[in-house]
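Right, one structure below, let's go through it.
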Amino acid sequence: MAVSVPVYDEVTLETLWADPYPTYARLRAEAPVAWVDAANIHLVTRFDDIMRIERDPETFPALDTRSLQVRAMGHTMMRRDGADHLRQRRAVEATFLPQVVAAHWGPLFEAIADDLIGGLKGGRADLFAEFAAPLASRSLMALLGLPQIDWRDLCLWSQALMDATGNYGDDSATWARGKAAFDAIDAAIAERVPVVQARPDPSALSSMLHGGLPMEEIRANTKVIVGGGLNEPRDATCSAVLGLLTHPGQLAQVQADPTLWKTVFEETVRWIAPIGLYPRRVARQVEIGGAVLEAGDAVGLSVASACHDESRFEGPERFDINRAKGKHLAFGAGPHFCLGAWMARRLVGEIALPRLFARLPGLRLDPDAPPEVGGWVFRGPVRLPVLWDA
Ligand code: HEM
C-alpha cells in the first residue's frame, strides 16, 4: 500500500557532499522516494523509478516556474517540455551530432589536449587545475562559438551560473556573481553575433542563430551550455584518472587494448556521476516507489544513486571496466538526455585520457598530496596532484 513520503531529517548537506553513496544505499533499501529535509526535496534513488519518471514527462515535467535556473540563466531548453523543448533542442542539435563531433570538433580538441599536455613540465602537476579545467573550458569556448573570451573567465562564469542555480539559501552575493556572469556572457554573445551572422560555422551560436531562435532563447541556451558543459567533462577526466591510478591492473589492461578507453569513460561516469541529481516537478497526484507524491511537489532524480543501484550493477561502488555491460543514467534519460554526451565521450574518453597516459610515463598519484573528491549535486575530484617520470 502506498504511504505518505518518509521524512529523512538527519541527512545533512555536509554528509552528502563528503560521500552521498552510503546515504543513497540506505534510501534505496528503506525509502526509495524520501523527503530529505536538508535538500528541501523528495529524492528518488532507484534506477527503475527514475526511468519511469523520465518516460512520463506529462506527469513529471521539467518546467518549473519557481526554478532557480530560470532566474540564473533565463528560460532554457532544460526547463521546457514537449514541442517547445524540441524546437529549441533541434535548433542547436547540429553542433552536437556524433559525425560533427568526430569530423569538426575532434581535431580541434586534439590540438587543445596536445598543447596542454605539452605545457606540463617537471613531473608534477595538479591535473584538475592544470589540465582538466583548461581542457574543458577551451573546448567549450570553441563549441559555443565564443573563441574570443579567456578560458579562465569561462570557468568563473560557469561556476557562478551553477552556484546561482543552486542558491536555495538566497544568498545575495551568489546572485550578484551570477548576474555578473549572465551579463558578461550576453556581452560576449553580442560581440560574436555579427561575425557568425556573416559566416556560419558549426558552433552552437551559429546553429541557433541560423536555426531561427530569437535572441532571448539563444542567450538562455548559451548559458545552459556554459553551466552544463564545462564542469562535467572536467570532472569525468579527473575521476577517470583517479579510477585508473587506483586500479593499476585495469590501467594495464586498457594500455594493452586501446579499444577499452570508451569503456573506461562509461564506467567512470557510472562510478562517479558528474551530475548527481536534477529536478522534475509533479503535475498530478501519483504513486511511486511505494509513496504518494502530490501535484506541485519537487522531486530530485538522483542519477548518481541509480548508477549504484545494486539491482542493476553488481558491487556498484567498485570501479570496474570489466563489469557486465548495462545502461547507466549518468547522462539522464528521455527528452532531456544530455545533448553534449558525444562531445564528452570524444573529448574525455577518446582524446584526453589516451593522450595523457601515453605522454606522461609512470603517471601516479602524489603520495604526499592525496586527491580530494567532493560534491553530490555535482561530484568529482576537486584536486588531483600527480607525479610522472619527467
Ligand atoms: C561527462 C559529461 C556530462 C554529463 C555526465 C552530463 C550529464 C547531463 C545530464 C544528467 C543531463 C540531464 C539534465 C536534466 O534532464 O535536467 C544533461 C543535459 C544536458 N547537457 Fe550534459 N552532461 C555532460 C556533458 C555535457 C556537455 C559537454 C555539454 C555541452 C557542451 C552538455 C550539455 C547539455 C545540455 C544542453 C543539456 C540539456 C538537454 C535538454 O534539456 O534537452 N552536457 N547532461
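In nm, what is the difference between 0.36 nm times the number of residues separating Glu287 and Trp17 and their Cα-Cα distance?
94.3 nm
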_Placed amide H near Arg124: partners under 5 Å, 5+ positions off or other chain_ = Trp388
*Most exposed first by the Cβ proxy, i.e. fewest other Cβ within 10 Å, how do Thr59, Thr259 rank?*
Thr259, Thr59
*Convex hull per residue volume in Å³, alpha carbons only, for the range 1-41*: 61
*In terms of Cα to Cα distance under 22 Å, which lysines are near enough to Lys262, apart from those fewer than 8 places away along the same chain?*
Lys325, Lys327
_Residue of Ala125, Ala176, Ala34 that the Gaussian network model of the chain assigns the largest fluctuation, springs spanning Cα pairs under 10 Å_ = Ala176
*Hey, rough spin-label estimate for Leu97 and Asp201, points 7 angstrom out along Cα→Cβ, what's it come to in nanometres?*
1.9
*Can you check what the Kirkwood hydrodynamic radius comes to for the range 108-148, Cα pairs only, in Å to one decimal?*
10.7
*Over the chain, with a single point scatterer placed on each C-alpha, what log10 of the ratio I(q)/I(0) does the Debye formula yield at q = 0.07, 0.14 1/Å?*
-0.31, -1.30
*Based solely on its DSSP helices, what 222 nm [θ] is calculated for the chain when runs of n ≥ 4 H residues each add -39,500 (n - 2.57) and the sum is averaged over all residues, nearest 500 deg cm²/dmol?*
-14000 deg cm²/dmol
*Could you give the nm distance between label points at Arg52 and Ala173, where each point is 7 Å from its Cα heading toward the beta carbon?*
4.4
*Amide H to amide H, which residues 5 or more places from Val373 or on other chains are under 5 Å from it, using H placed in the peptide plane?*
Val382
*Each residue of the range 10-20 in turn: what ³J(HN,Hα) in whole Hz from Karplus with 6.51, -1.76, 1.60 and θ = phi - 60°, glycine and Pro shown as x?*
8, 6, 9, 5, 5, 4, 5, 5, 5, 6, x
*Any lysines with Cα under 28 Å of the Lys179 Cα? List them, leaving off those in the same chain fewer than 8 positions away.*
Lys223
*Note down the nm distance, to one decimal, between modelled labels 7 Å out along Cα→Cβ at Asp183 and at Lys121.*
3.9
*Centre separation in Å (Cα based) which lies between the range 175-204 and the range 289-358*: 30
*Taking amide H positions as placed 1.01 Å from N in the peptide plane, with prolines and chain starts having none, which residues 5 or more places from Phe378, or on another chain, fall under 5 Å of its amide H?*
Gly276
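Any read-out appearing in this document is the output of simple, stated calculations on the displayed coordinates, not a laboratory observation. Predicted model only: the values in this text are computed from it and were never measured. Note that each Cβ is placed from the backbone with ideal geometry, even for glycine, and that neighbours are counted across all protein chains shown.
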